[in-house]
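Here the structure comes first, spelled out in structure tokens, and everything after it is commentary.
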Amino acid sequence: MRDYELVFIVHPDLDDNAIVEIVEKVKGWITESGGAVVKEERWGKRRLAYPIRKQREGQYLFMQLQLSPAAAGTLGRNLRFLEPVMRFLITVGA
């Protein structure tokens, strides 16, 4: 198991319930693959440096995870096909 950090940006017009559903779905993928969520933070709505899908803002979410390297690849694949997620980045934690 490795430590990873995940930051993802979701559509700015989503309400709190929809964001909670997305976070729960991502947590479900992590726990299904044998990983664990160590820390979760919601950074809120922020202005983007450049437009993504014609949006100037996005809701930022941060998670510290423990996952196997193969599960990290699968998580990235799943996030890519999750419609409300505009961008994401998975990095190896310190």
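The values are calculated or read from the model by the stated rules, or taken from the named source; none is laboratory data. Because the structure is a prediction, the values reported are computed rather than measured. Every residue, glycine among them, receives a Cβ derived from its backbone with ideal geometry; neighbour counts consider all protein chains shown. Please note that ligands, DNA and RNA were not included when accessible areas were found on the heavy atoms of the full protein model with its side chains. Shrake-Rupley method; radii C 1.70, N 1.55, O 1.52, S 1.80 Å.
General observations
- Each residue in the range 71-80 was checked for being surrounded by 14 or more Cβ atoms within 10 Å (Cβ to Cβ) and of a type in the set (Gly, Ala, Ser), and 2 of them qualify.
- Of GLU57, GLU83, all but one fail to be open to solvent by 40 Å² or more (accessible area, probe 1.4 Å) and assigned to a strand (DSSP E or B); the exception is GLU57.
- Residues considered: LYS39, LYS45, LYS27. Of these, the only one that is assigned to a helix (DSSP H, G or I) and either of a type in the set (Lys, Arg) or touching a Pro at 6+ places or on another chain (Cβ under 6 Å) (or both) is LYS27.
- Residues satisfying the stated conditions in the range 60-70, i.e. out of contact with any helix residue (DSSP H, G or I) (no Cβ under 9 Å at 6 or more places or on another chain) and surrounded by 15 or more Cβ atoms within 10 Å (Cβ to Cβ): TYR60, GLN64
- Answer residue from the range 1-53, given it is open to solvent by 90 Å² or more (accessible area, probe 1.4 Å) and among the basic types (Lys, Arg) and is nearest to THR91 (Cα to Cα) among those: ARG2
- Residues being in contact with a strand residue (DSSP E or B) (Cβ under 6 Å, 6 or more places away or on another chain) and of a type in the set (Ser, Thr, Tyr) - total across the range 1-60: 2
- Hey, LEU14 more than 12 Å from the chain's Cα centre (by Cα) and either charged (D, E, K, R) or not in a strand (DSSP E or B) (or both) or not: yes
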